[in-house]
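Q: Take this structure first; my questions come after.
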Amino acid sequence: MKTPQQAKTILCEGNNNFVAGLKNGNISIDRRTDTAVNGQHPYAIILACSDSRVPVEHIFCAGVGDLFVIRNAGNVVGDFDLGSMEYAAEHLGVPLLVVLGHNKCGAIASALSGEPAEGWLGVLLDEVKAAVVGAENAAEAEDLNIRYGVGKIMQSPVIDHLVKQGKLEVIGAKYDIISGKVEFWD
Ligand SMILES: [Zn+2]
């Protein structure tokens, strides 16, 4: 089992390799067989945006069995997302949880535009709007949305308990869709 710091180091190195175009994650048949037989032991939970320009495994040069990924438009934190995080943290023992926002996020732009949205998209954007109150521009709103997500995750008693025990760390991070670089906030 890895520590939160070790998991963060692996993510950082993976992202450096991605930025440099150096290598890919392990998606070999051997790796697939190994994880199918011996189970999964991912080193990080990543909540990311569904944006097609944010391919989470690629960004970290991760392969099969490496990352427990949750995605939705705007990387918002809802009930099912929290349930997935609690499962991975508690039952799989994943030591690091990253809320990964990104620049040029369409969900954030929609929320900032103030234009009404119908259906479930409206529900999702209401959540983003609550997160970005007071933001003066898109970049600031993206940052606020990441912080809001981290704050909401920490309200989970299951997550809070694991963090206090030192078994889990919850951090924010931001992905630049142009440079490919991930900036970790802690
Ligand atoms: Zn987005």
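Q: Any idea which residue in region 23-66 is nearest to Thr3 (Cα to Cα), counting only those that are among the β-branched types (Val, Ile, Thr) and within 14 Å of the ligand (Cβ to nearest atom)?
A: First, pick out the residues of region 23-66 that are among the β-branched types (Val, Ile, Thr): 27, 29, 33, 35, 37, 45-46, 54, 56, 59, 64.
Checking the rest, the ones that are also within 14 Å of the ligand (Cβ to nearest atom) come to 46, 54, 56, 59.
On the way: Ile46: 16, Val54: 26, Val56: 21, Ile59: 21 Å.
Top of the filtered list is Ile46.
Q: Select from region 43-91 the residues that are buried (at least 21 other Cβ atoms within 10 Å of the Cβ) and assigned to a loop (DSSP other than H, G, I, E, B) and list them in ascending order.
A: Passing the criteria: Tyr43, Phe60, Cys61, Ala62, Asp66, Gly74, Asn75, Val76, Val77.
Q: Still on this structure, please answer the following. Looking at region 110-125, which of its residues are assigned to a helix (DSSP H, G or I), touching a helix residue (DSSP H, G or I) at 6+ places or on another chain (Cβ under 9 Å) and loosely packed, with under 14 Cβ neighbours inside 10 Å? If you could, list the steps in order and put the result at the bottom.
A: If we filter region 110-125 for residues that are assigned to a helix (DSSP H, G or I), which is where we start, we get 110-113, 119-125.
Keeping just the survivors that are touching a helix residue (DSSP H, G or I) at 6+ places or on another chain (Cβ under 9 Å) gives 110-112, 121, 124-125.
Across region 110-125, the qualifying residue is only Leu121.
Q: If you take the residues of region 1-42 that are closer than 17 Å to Leu97 by Cβ and of a type in the set (S, T, N, Q), which of them is surrounded by the fewest Cβ atoms within 10 Å (Cβ to Cβ)? I'd like the intermediate steps shown before the answer.
A: Initial filter on region 1-42 (closer than 17 Å to Leu97 by Cβ): 1-12, 14-15, 40-42.
Applying the additional criterion that residues be of a type in the set (S, T, N, Q) yields 3, 5-6, 9, 15, 40.
Values: Thr3: 14, Gln5: 11, Gln6: 13, Thr9: 13, Asn15: 21, Gln40: 14.
Result: Gln5.
Q: May I ask you to list the residues in region 151-173 that are closer than 23 Å to Thr9 by Cβ and surrounded by fewer than 19 Cβ atoms within 10 Å (Cβ to Cβ)?
A: Within region 151-173, the first condition is being closer than 23 Å to Thr9 by Cβ, and the residues that meet it are 153-154, 159, 162-173.
Those that are closer than 23 Å to Thr9 by Cβ and surrounded by fewer than 19 Cβ atoms within 10 Å (Cβ to Cβ): Met154, Val163, Lys164, Gln165, Gly166, Lys167, Glu169, Ile171.
Q: Being closer than 17 Å to Trp185 by Cα and within 14 Å of the ligand (Cβ to nearest atom): is that true of Asn75 here?
A: Working: closer than 17 Å to Trp185 by Cα: yes; within 14 Å of the ligand (Cβ to nearest atom): yes.
Yes, satisfied.
Q: Within 16 Å of the ligand (Cβ to nearest atom), among the aliphatic types (A, V, I, L, M) and either within 30 Å of Ser28 (Cβ to Cβ) or free of Cβ contacts under 8 Å to residues at least 12 places away in the same chain (or both), is that true of Val69? Don't jump to the end; show me each part of the working.
A: Numbers: within 16 Å of the ligand (Cβ to nearest atom): yes; among the aliphatic types (A, V, I, L, M): yes; either within 30 Å of Ser28 (Cβ to Cβ) or free of Cβ contacts under 8 Å to residues at least 12 places away in the same chain (or both): yes.
Considered against the rule, which asks whether it is within 16 Å of the ligand (Cβ to nearest atom), among the aliphatic types (A, V, I, L, M) and either within 30 Å of Ser28 (Cβ to Cβ) or free of Cβ contacts under 8 Å to residues at least 12 places away in the same chain (or both), Val69 comes out as yes.
Q: Right, something else. In region 92-105, what residues are away from the ligand (no atom under 16 Å from the Cβ) and either farther than 21 Å from Arg53 by Cα or surrounded by fewer than 21 Cβ atoms within 10 Å (Cβ to Cβ) (or both)?
A: Filtering region 92-105 for residues away from the ligand (no atom under 16 Å from the Cβ) gives 92-97.
The answer is Leu92, Gly93, Val94, Pro95, Leu96.
Q: Filter region 106-137 down to the residues that are within 11 Å of the ligand (Cβ to nearest atom) and closer than 25 Å to Asp186 by Cα and list them by number.
A: Ala107, Ile108, Val128
Every read-out reported here was derived from the displayed coordinates using simple, explicitly stated rules and does not represent laboratory data. Not measured: the values here are computed from a predicted model. Note: ideal-geometry Cβ built from the backbone for every residue, glycine included; neighbour counts use all protein chains shown.
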